[in-house]
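The structure's right below; bear with me while I get my questions together.
The values are calculated or read from the model by the stated rules, or taken from the named source; none is laboratory data. Computed from a predicted model, the values in this text were never measured in an experiment. Cβ sites come from the backbone with ideal geometry, for glycine too, and all protein chains shown count toward neighbours.
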Amino acid sequence: MSAFSARPGWIAFQSRDFLCFFGSRLFSALASMMIDTAVAWLIYDITDSAFALGLAGLFAFLPSVLLILVVGNVADRFDRRRVLIACYAAIAAASAGLIVCASQAVIDVRVIYALILVFGSARAFSSPASQALLPAIVPQDQFANAVTISSSTRQFAAICGPALAGLIYFLGPAAVFTVTTTFYLGSLALLVPIKPRAAAAPAGEVTWASLTAGFRYIWEKKIVLGAISVDLFAVLLGGATALLPIYAKDIFHVGPLGLGALRCMPAAGALLCTLILAWTGLGGRTGLKMLGAVAVFGLATIGLGLSTSFYMAIPFLIVLGAADMVSVLIRSTLVQIETPDEMRGRVSAVFSIFIGASNELGKFESGALASLTGPVAAVVAGGAGSVLIALLWMKWFPQLRARDQLA
């Protein structure tokens with residue numbers, strides 16, 4: 001054991017399996033952020049349409065909805081590590097498809113949408129499998145620390161990924177997708193040596209009751225329902241980052257490199273917040289902190305919408321990311337702690353719809369609203385809606401508001 005991994009803030013790194021999981025998650029998160037940035041710029045550059053940007057979010061979201069009753073059962077009934085390997089192989093193939101697509105003289109946006117559907121389908125399976133795998137590779141007393149560190153990989157990737165995509169994009173979009181394909185193959189390779197503890201598989205055959213068990217569990221567990229649903233509506237209404245290509249091109253006039261920088265800022269705030277919380281912990285009154293973070297997220301979104309320059313937008317994006325990270329860490333830890341192992345795949349599948357997929361649906365909502373009202377009004381309205389959601393949930397979910405310690 002190294003002195004570094006023995007420090008309280010990094011205790012999860014004592015596990016070799018977690019190190020591999022961490023590296024795999026980092027590579028996949030970097031590739032995902034790069035693809036999101038490059039595809040968004042490519043679509044807007046081709047179409048010059050806010051609605052076309054929104055459609056990209058819709059196509060990424062649809063598979064999660066259509067497959068929700070399947071993906072959770074797959075994560076609970078099959079080897080979660082192998083499910084992840086298969087998902088990353090499919091995503092790497094789709095990323096390679098984007099190389100071919102971007103190399104054409106005339107780029108058909110419909111082909112891009114089709115490949116986004118492939119990404120969305122693979123991510124629908126990978127998200128619950130990844131969330132359910134983590135508790136099986138670290139001891140329970142290290143789990144909260146593992147969640148915090150694991151979340152930091154996505155934030156680090158969200159800082160470096162968009163910037164890296166913006167830089168490489170000057171060589172052409174095909175160059176970006178070549179790098180992302182390589183990253184996904186690396187992510188897949190790091191999963192191979194992981195040896196998770198055997199999970200308790202659900203008993204009996206697959207029935208309608210077993211397929212919908214995740215929904216029923218969340219509905220009956222009000223504290224989990226409140227934690228998941230508050231972010232569903234907040235992210236759905238506050239999907240301002242989907243409109244950053246419009247801000248970068250038409251309002252701030254900073255090009256793809258500026259877009260990459262803008263996309264980095266929320267992650268910079270989130271990573272800083274994550275590093276602080278990894279050392280200090282969340283402390284008490286975690287439920288109230290989560291709801292307060294959602295309100296701050298909404299206020300920062302309003303500030304972003306009203307920004308008139310690149311530099312004015314940066315602090316609002318940093319605060320937005322930091323507030324979102326507080327909410328994410330509390331929610332992710334709370335949901336996993338409150339869920340039995342044999343249910344984690346199905347609950348995580350619903351969790352993915354409420355949280356991960358709501359990001360994509362939020363992009364569609366923001367793009368559609370912006371096409372009607374303009375980007376500024378759409379972002380400000382979304383931020384105001386997020387603040388309202390936080391206030392309503394304080395009243396409607398007193399169990400969540402009163403939650404003190406996570407465990």
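Can you name the residue in the range 56-99 that is farther than 25 Å from residue 244 by Cβ and aromatic (Phe, Trp, Tyr) and, of all such residues, is farthest from the chain's Cα centre (by Cα)?
So, considering only residues that are farther than 25 Å from residue 244 by Cβ and aromatic (Phe, Trp, Tyr), the one farthest from the chain's Cα centre (by Cα) is 78.
Which condition number in (1) modelled with pLDDT of 85 or more; (2) touching a Ser or Thr at 6+ places or on another chain (Cβ under 6 Å); (3) among the aliphatic types (A, V, I, L, M); (4) under 30 Å from residue 213 (Cα atoms) is the one that residue 357 fails?
For residue 357, the failing item is (1).
Give me a count of the residues in the range 231-265 that are of a type in the set (Ser, Thr, Tyr) and either over 20 Å from residue 319 (Cβ atoms) or out of contact with any Lys or Arg (no Cβ under 8 Å at 6 or more places or on another chain) (or both).
Looking only at that region, the number is 1.
Given 276, 337, which one is under 21 Å from the mean Cα position of the chain (by Cα), surrounded by fewer than 24 Cβ atoms within 10 Å (Cβ to Cβ), farther than 20 Å from residue 363 by Cα and in contact (Cβ under 8 Å) with a residue 60 or more places away in the chain? Even if it seems obvious, please write down each step before you answer.
Details: 276 fails: in contact (Cβ under 8 Å) with a residue 60 or more places away in the chain.
It is 337.
Give the residues of the range 299-312 that are buried (at least 24 other Cβ atoms within 10 Å of the Cβ) and among the small types (Gly, Ala, Ser), sorted by residue number.
Taking the range 299-312 and keeping what is buried (at least 24 other Cβ atoms within 10 Å of the Cβ), we get 300-301, 304.
Passing the criteria: only 300.
Scan the range 235-256 and report the pairs whose first residue is farther than 15 Å from residue 51 by Cβ and surrounded by fewer than 20 Cβ atoms within 10 Å (Cβ to Cβ) and whose second residue is basic (Lys, Arg) and modelled with pLDDT of 75 or more, with Cβ atoms within less than 7 Å and a gap of 6+ or a chain change.
Filtered contacts from the range 235-256: no entries.
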